[in-house]
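A quick write-up on the structure given underneath.
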Amino acid sequence: MNEKQYVLVKLIQKIEIFAGFGPMEVQRLLRICRFKNFAKGEKVYSLGGASDEMLIGLRGAMLVVGADGRELARIGPGKPLGEMGLFTGQPRSADIVAAQTSTALILTRSDLTLMLGGNPEMMAKILENVVGVLSARVEDTNAMVASQSRIIHELEKKLAKYEGPKQDDEDDGLEGDDDEDDYGDVDDDWDDDE
């Protein structure tokens, strides 16, 4: 194994879904990958597109762009993009654009499926890693929702203090809400029956 291959093997082993792969397993994986160059500004993946491949950045940087056009993240070398969609089949959740001239390693679902079909041990490692990644993401999302809920609650309390208590004589917008009762002389009608 030459120095470039060694660096690639170490890089692949750091990716969560390939954690636990030995050098021979990573080399098998690298044999089915292809290298691809992207020009600055080139759209790599589109929101809603098919998730039939993943990439691992080797040089340059990629931008993750939301539906509203905002930059959500900048992904540098050594980081994967599209790895979960490769296994779940879910459509792309964002646009990916090359932030600068970039090189990536591309792995397709069909090639991965073909390779893993003959190697249940590798498949088991990947599935275990995917479950771990998804569990961590759910945990992170739950923590973020709890944090946002606390912030909303604090803002509601501050707003209530700012608005102050509601006055009795304020019009709450309900029709017929006067200080006089709307029942006319109902009390008088009761008195007449007696």
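The values are calculated or read from the model by the stated rules, or taken from the named source; none is laboratory data. Given the structure is predicted, the values throughout are model-derived calculations rather than measurements. FYI the Cβ positions are ideal-geometry reconstructions off the backbone, even for glycines, and counts take in every protein chain you see. Protein only, heavy atoms only, side chains kept; ligands, DNA and RNA dropped before computing areas. Shrake-Rupley method; radii C 1.70, N 1.55, O 1.52, S 1.80 Å.
Structural remarks
- Residues (open to solvent by less than 40 Å² (accessible area, probe 1.4 Å), part of a helix (DSSP H, G or I) and among the aromatic types (Phe, Trp, Tyr)) located in the stretch 1-21: PHE18
- Scanning the stretch 22-70 for residues that are in a loop (DSSP other than H, G, I, E, B), open to solvent by 50 Å² or more (accessible area, probe 1.4 Å) and at negative phi returns ALA39, LYS40, GLU42, SER46, LEU47, ALA50, ASP52, ALA67, ASP68, ARG70.
- Check on ALA73, assigned to a loop (DSSP other than H, G, I, E, B) and either exposed (fewer than 13 other Cβ atoms within 10 Å of the Cβ) or free of Cβ contacts under 8 Å to residues at least 12 places away in the same chain (or both): no
- Residue match in the stretch 78-86 (condition: in contact (Cβ under 8 Å) with a residue 60 or more places away in the chain and either more than 23 Å from GLY132 (Cα to Cα) or assigned to a strand (DSSP E or B) (or both)): yes
- Taking the criterion of being open to solvent by 100 Å² or more (accessible area, probe 1.4 Å) and among the hydroxyl-bearing types (Ser, Thr, Tyr), the only residue of the stretch 127-163 that qualifies is TYR162.
- Residue under evaluation SER93, criteria (1) open to solvent by 60 Å² or more (accessible area, probe 1.4 Å); (2) more than 22 Å from LEU134 (Cα to Cα); (3) of a type in the set (Gly, Ala, Ser), criterion not met: (2)
- Restricting the first member to the stretch 114-139 and to residues that are on the phi < 0 side of the Ramachandran plot and outside any helix (DSSP H, G or I), and the second to residues that are open to solvent by 70 Å² or more (accessible area, probe 1.4 Å) and of a type in the set (Lys, Arg), the beta-carbon pairs closer than 9 Å and six or more apart or on different chains are ASN119/ARG28.
- Taken together, the residues in the stretch 87-122 that are of a type in the set (A, V, I, L, M, F, W, C) and farther than 21 Å from ARG34 by Cβ amount to 2.
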